[in-house]
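Have a look at the structure below before the remarks.
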Amino acid sequence: MSLLDTSHEPLPLAIVGCDFRVASTKWRSSLVLSDEDRARMVTHLLGSGSCDGVAFLDTCNRNEWICSTDQPDWTVQLIAAQFTSRWHEAAKAWKEPTIPQPRLYVGEDAVRHILRVSLGLESLVTAEAEIAGQIQRALANARQNGHTSVMLNGLGNLLGRLSREAHRAGLQGGIRRGIHGLVLEYLAHHLPNREAGDVLVVGLGEIGRKTATLLEQYGGFSVQRFNRTVPIGSSIRPLETLNESLNQAQALVFASGAQHALFTSQDLLDMGVSKDTLVVDIGVPPQVDHHPDAPLRYVGLDELVPFVTGKQGKADQDRLGLVENGVREFTQFCRERSVVPILDATQRQHEDLITHGVARFINETLPDLAPEEKSRVDREMKRFVRDYTNKVIESIHRSIGQSKPEG
């Protein structure tokens, strides 16, 4: 076996996650960490040497904890324990007898999984585009807070490029692909009379903005927009004025990204929300702390699942092709990173020979040579060194490229 053969080393990635197929909204909500909890976990993971980079992905339909590590089999068990410990605490509070089981991915499986996620193959709405941006923001957050790594940065570059390629090819995106599209389908089904009242959209992050636009342009609804912060001169209304518009509303859509509920069921009832007003909550964690006995027409993310439509086709096969290409590219990237010290040492030795070594050799071993002969020998020896170095570097890259993953 070549000294440069890295085919038996697992790719340095470990992921623990869950999505809408594994756990309901309330279980997923318990995994959304506060800034303080996130910082403590990062300090523990990096300080223990379990990983050199960590990122957290929290969306409407999934939670993924992503680590770059030289020991993925060990690290995945460590972060899985952190994952499930939060569920055990929640189960005690909720008096639930069992907890969901997260999904664990290591090495090539982890790379394939996050590629599938990024391209929308694991989304509630297949090929929705928001997830690609959400992953990039999760990785950017890791960089901004000092817990990224070379491998996570390389992974982010790859994911971004493949998502752009999928978008250009029409394999990802589309105005109605996403949670906002499900909201439109649900409201169109349950509120056939567009003239009966307005739809109030609360929270104007990416999902909230798209939901409001879609409801107006494709649903024919009259929409009012509310947010906690309002730009000067904007038509957006402050959240504290929500109660002033409730008598005109036939539905409220909560799409805020707040880490805690903005209202309770009783708050909404006290504000004047009637039992006929449809309340659609697509926040994770939920933006309405809803009590099941409250006389409120409340719908969470879990109730939107039946409105997912779509079928497999050629586009799905094309996306799968992008995934496998991505796995190969990331494998190559990791192998090249593993030989960077060798390449650096080779380059340093080359530069020393070209800059000093050849001239020193000629002066010490051929001191009586005529100046023009010295010049000719100098040129020929440097050409020889360059050719030799190029062959060594080509051999290293060829050895990496010819290495095949196990299985």
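Looking at (1) in a helix (DSSP H, G or I); (2) within 27 Å of Val308 (Cα to Cα); (3) open to solvent by 20 Å² or more (accessible area, probe 1.4 Å), which is the only condition Gly220 fails?
(1)
Go through (1) in contact (Cβ under 8 Å) with a residue 40 or more places away in the chain; (2) of a type outside the set (Gly, Ala, Ser); (3) open to solvent by less than 30 Å² (accessible area, probe 1.4 Å); (4) not in a strand (DSSP E or B) for Leu252 and report which single condition fails.
Evaluating Leu252 over (1) in contact (Cβ under 8 Å) with a residue 40 or more places away in the chain; (2) of a type outside the set (Gly, Ala, Ser); (3) open to solvent by less than 30 Å² (accessible area, probe 1.4 Å); (4) not in a strand (DSSP E or B) leaves (4) as the failure.
Would you please list the contacts, defined by Cβ atoms under 8 Å and residues six or more apart or on different chains, that run from a residue in the range 207-233 that is within 19 Å of Ser245 (Cβ to Cβ) and among the β-branched types (Val, Ile, Thr) to a residue that is open to solvent by 30 Å² or more (accessible area, probe 1.4 Å) and assigned to a helix (DSSP H, G or I)?
Within 8 Å, the pairs are Val223/Glu216.
Among the helices (runs of 4 or more DSSP H) lying completely within the range 1-116, list those that include at least 3 residues that are open to solvent by less than 60 Å² (accessible area, probe 1.4 Å) and of a type in the set (A, V, I, L, M, F, W, C). Please lay out each step first, then the result.
Working: elements: 25-29, 35-47, 72-94.
Filter on the range 1-116 gives 35-47, 72-94.
Does Glu394 meet the test of being under 30 Å from Gln332 (Cα atoms) and either modelled with pLDDT of 90 or more or part of a loop (DSSP other than H, G, I, E, B) (or both)?
Numbers: under 30 Å from Gln332 (Cα atoms): yes; either modelled with pLDDT of 90 or more or part of a loop (DSSP other than H, G, I, E, B) (or both): no.
Here the answer is no, as Glu394 does not meet what is asked.
Scan the range 67-111 for residues that are among the hydroxyl-bearing types (Ser, Thr, Tyr) and over 18 Å from the mean Cα position of the chain (by Cα) and report the count. Write out each step before concluding.
Looking only at the range 67-111, we keep the residues that are among the hydroxyl-bearing types (Ser, Thr, Tyr), and these are 68-69, 75, 84-85, 98, 105.
Checking the rest, the ones that are also over 18 Å from the mean Cα position of the chain (by Cα) come to 75, 84-85, 98.
Counting residues in the range 67-111 that are among the hydroxyl-bearing types (Ser, Thr, Tyr) and over 18 Å from the mean Cα position of the chain (by Cα) gives 4.
Give the residue, chosen from Arg225, Arg164, Arg176, that is more than 25 Å from Pro72 (Cα to Cα), under 16 Å from the mean Cα position of the chain (by Cα) and of a type in the set (Lys, Arg).
So the residue among Arg225, Arg164, Arg176 that is more than 25 Å from Pro72 (Cα to Cα), under 16 Å from the mean Cα position of the chain (by Cα) and of a type in the set (Lys, Arg) is Arg164.
For the condition in contact with a helix residue (DSSP H, G or I) (Cβ under 7 Å, 6 or more places away or on another chain) and part of a helix (DSSP H, G or I), what is the one hit in Gly154, Gly120, Gly173? Before you say what the answer is, go through the steps one by one.
Details: Gly120 fails: part of a helix (DSSP H, G or I); Gly173 fails: part of a helix (DSSP H, G or I).
Residue meeting the stated conditions: Gly154.
Criterion first (at pLDDT 95 or above, touching a helix residue (DSSP H, G or I) at 6+ places or on another chain (Cβ under 6 Å) and either open to solvent by less than 20 Å² (accessible area, probe 1.4 Å) or charged (D, E, K, R) (or both)) does Arg143 satisfy it?
Numbers: at pLDDT 95 or above: yes; touching a helix residue (DSSP H, G or I) at 6+ places or on another chain (Cβ under 6 Å): no; either open to solvent by less than 20 Å² (accessible area, probe 1.4 Å) or charged (D, E, K, R) (or both): yes.
The answer is no for Arg143.
Looking at Val280, Val305, which one is within 24 Å of Leu31 (Cα to Cα), outside any loop (DSSP other than H, G, I, E, B) and open to solvent by less than 20 Å² (accessible area, probe 1.4 Å)?
Values: Val305 fails: open to solvent by less than 20 Å² (accessible area, probe 1.4 Å).
Checking each option against the conditions leaves just Val280.
Has the range 82-90 got at least one residue that is under 26 Å from Val150 (Cβ atoms) and touching a strand residue (DSSP E or B) at 6+ places or on another chain (Cβ under 6 Å)?
Among the residues of the range 82-90, at least one is under 26 Å from Val150 (Cβ atoms) and touching a strand residue (DSSP E or B) at 6+ places or on another chain (Cβ under 6 Å), which makes the answer yes.
Go through the range 364-374 residue by residue and tally those that are loosely packed, with under 12 Cβ neighbours inside 10 Å and assigned to a helix (DSSP H, G or I).
Count: 4.
Restricting the range 223-244 to residues that are among the β-branched types (Val, Ile, Thr) and part of a loop (DSSP other than H, G, I, E, B), which is modelled with the highest pLDDT?
Of the range 223-244, the ones among the β-branched types (Val, Ile, Thr) are 223, 229-230, 232, 236, 241.
After this cut, where a residue has to be part of a loop (DSSP other than H, G, I, E, B) as well, the list is 229-230, 232, 236.
Working: Thr229: 90, Val230: 91, Ile232: 85, Ile236: 94.
So the residue we want is Ile236.
Could we say that Phe330 is closer than 30 Å to Thr69 by Cα, modelled with pLDDT of 85 or more, of a type in the set (Phe, Trp, Tyr) and surrounded by 11 or more Cβ atoms within 10 Å (Cβ to Cβ) here?
It is true that Phe330 is closer than 30 Å to Thr69 by Cα, modelled with pLDDT of 85 or more, of a type in the set (Phe, Trp, Tyr) and surrounded by 11 or more Cβ atoms within 10 Å (Cβ to Cβ).
Find the residue count for the range 189-217, including only residues that are in contact with a Leu (Cβ under 9 Å, 6 or more places away or on another chain) and either in a helix (DSSP H, G or I) or surrounded by fewer than 23 Cβ atoms within 10 Å (Cβ to Cβ) (or both).
Selection size over the range 189-217: 7.
Can you name the condition, by its number, that Gly181 falls short on among (1) touching a residue at least 60 places away in the same chain (Cβ under 8 Å); (2) assigned to a helix (DSSP H, G or I); (3) surrounded by 21 or more Cβ atoms within 10 Å (Cβ to Cβ)?
All conditions pass for Gly181, except number (1).
The values are calculated or read from the model by the stated rules, or taken from the named source; none is laboratory data. Remember, predicted model here, so these are calculated numbers, not experimental data. Note that each Cβ is placed from the backbone with ideal geometry, even for glycine, and that neighbours are counted across all protein chains shown. Heavy atoms of the whole protein, side chains included, go into the accessibility calculation; ligands, DNA and RNA do not. Shrake-Rupley method; radii C 1.70, N 1.55, O 1.52, S 1.80 Å.
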